[in-house]
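To start, the structure itself, in structure tokens.
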Amino acid sequence: MNSPQVITNQLASYTYSELLFSSPETESFYTEGIERFSRICQCKWFIKDALQVCSKLKKAHLFITIDFKKTDNKAAVIYSDGGSMLLYRQEYDQPDFPLDQQRLFFCNNTLLLPSEW
């Protein structure tokens with residue numbers, strides 16, 4: 001697996017997606033950058049969880065930030081309105097994830113990288 005810096009640099013190159021992927025379970029979409037992110041970080045579990053949570057929150061919130069934060073052998077994924085309003089928090093034990101933190105956005109029924117915003 002690539003180093004966190006290499007992964008971050010690769011993801012920063014995604015600035016626009018012409019192709020969207022669909023998630024039939026959630027009736028939502030995700031971008032090319034998210035697809036690449038899930039492959040290089042081997043984290044389809046994270047994308048699936050984020051889409052499921054956002055599909056429940058999207059009725060009341062047009063914009064959602066998803067912040068993954070890892071410390072030691074635990075991780076938290078915090079869903080918010082982009083400001084100070086916490087919408088949902090999910091905890092993971094022993095997360096298999098190469099980055100200590102990562103932010104994603106969910107807007108217009110689509111999950112995307114910050115660089116694709």
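The values are calculated or read from the model by the stated rules, or taken from the named source; none is laboratory data. These numbers come from a predicted model, not from an experiment. In this analysis, Cβ positions are derived from the backbone assuming ideal geometry, glycine residues included, and neighbour counts consider all displayed protein chains.
Values computed for the structure shown
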quantity: Residue list for region 98-117, restricted to those being over 12 Å from T65 (Cβ atoms) and touching a Cys at 6+ places or on another chain (Cβ under 6 Å); calculated: P98
quantity: Counted residues, region 83-108 - those being over 19 Å from C41 (Cβ atoms), more than 13 Å from the chain's Cα centre (by Cα) and surrounded by 14 or more Cβ atoms within 10 Å (Cβ to Cβ); calculated: 2
quantity: All helices (runs of 4 or more DSSP H) inside the chain with 1 or more residues being modelled with pLDDT under 90 and at negative phi; calculated: 4-12
quantity: Matching entry among K70, K48 (being over 20 Å from T8 (Cβ atoms), without any contact (Cβ under 8 Å) to a residue 60 or more places away in the chain and of a type in the set (D, E, K, R)); calculated: K48
quantity: Some residue of region 66-78 being of a type in the set (S, T, Y) and over 14 Å from the mean Cα position of the chain (by Cα); calculated: yes
